[in-house]
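Q: One structure, pasted below without further comment.
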Amino acid sequence: MTPLPRSFYEPSAALVAPRLLGHWLIRTLPEGPCGGPIVETEAYLVDDPASHGFGGERARNKAIYGPPGYSYVYLIYGFHWCFNAVCCRPGVAEAVLIRAIEPRIGVEIMRKNRRTAMETSLTNGPGKLCQALAIDRQHYGLDLCDPSSPVFIAKSPNRPRFPRKSGPVAISTRIGITKAAALPLRFYLPGSPFISRPARAAAASSTG
């Protein structure tokens with residue numbers, strides 16, 4: 001699979017987030033590759049109080065300031081890792097949180113990494129997918145445009161058809177935050193059984 005080019009990540013995260021739906025998050029492990037198409041994302045923007053880049057650059061959040069096309073990984077609740085793709089030009093802190101994927105390849109590998117009785121709960125959340133794909137702090141700052149990277153986002157040849165099958169793209173407010181909670185920056189494919197949570201009043205859109 002071919003990684004998305006760096007130019008893909010150069011626009012604002014608000015534009016990149018819906019465009020990532022249908023492309024594949026790929027993790028290469030010693031046992032083999034695993035991953036699947038992205039079905040849910042959230043955008044975090046410059047001057048966004050909910051963003052880790054808000055308040056200025058520090059050692060912990062350096063990667064979110066660019067360059068675009070690199071990974072930003074952080075820990076929440078002291079236990080769950082979250083995986084983000086950095087967007088915009090260097091110096092502008094924007095990123096897309098990958099919230100859910102459909103497990104399509106290396107499913108048995110993912111099941112070993114994350115024990116669950118229900119397959120739909122294998123990767124239907126940012127912490128869950130990181131556990132299933134064995135993504136953690138060591139994957140901070142990776143070049144997502146490098147095919148030899150242990151984690152990258154691959155261009156899907158079926159991407160135009162996939163959102164039509166599971167969509168149209170729905171937009172809602174972001175999940176699990178209190179700051180800037182009203183911003184409509186969560187994008188997902190409501191027809192996928194792997195989204196983390198449906199939104200009662202999400203607006204359907206042809207974005208992407």
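Values in this text are rule-based calculations from the coordinates and carry no lab data. Predicted model only: the values in this text are computed from it and were never measured. For neighbour counting, all protein chains shown are included, and Cβ atoms are generated from backbone atoms with ideal geometry for every residue, glycine included.
Q: Counting only chymotrypsin sites (Phe, Trp or Tyr not before Pro) that are in a DSSP loop and have at most 12 other C-beta atoms within 10 Å, tell me the longest site-free stretch of the chain.
A: The segment 80-208 is the longest one with no such site.
Q: Karplus couplings for the stretch 187-198 from phi (6.51 cos²θ - 1.76 cosθ + 1.60, θ = phi - 60°), rounded to Hz, Gly and Pro as x?
A: Taking θ as phi minus 60°, the curve returns 10, 7, 9, x, x, 7, x, 9, 5, 6, 6, x Hz for the stretch 187-198.
Q: Once you list every other residue whose beta carbon is under 12 Å from the beta carbon of Trp24, what net charge do they have if Lys and Arg are +1 and Asp and Glu are -1?
A: That works out to +3.
Q: A follow-up question, please. Express in whole angstrom the spacing between the alpha-carbon centres of the stretch 104-169 and the stretch 1-70.
A: If we compute the Cα centre of each part, the gap is 13 Å.
Q: Taking only DSSP H segments of four or more residues, each worth -39500 (n - 2.57), what value at 222 nm results for the chain once the sum is divided by all its residues, to the nearest 500 deg cm²/dmol?
A: About -3500 deg cm²/dmol.
Q: Now for a separate question. Can you compute 3J(HN,Hα) from phi for each residue in the stretch 60-71, using the Karplus curve 6.51 cos²θ - 1.76 cosθ + 1.60 with θ = phi - 60°, rounded to whole Hz and x for Gly and Pro?
A: Using θ = phi - 60°, the values come out as 5, 10, 3, 5, 5, 8, x, x, x, x, 10, 8 Hz.
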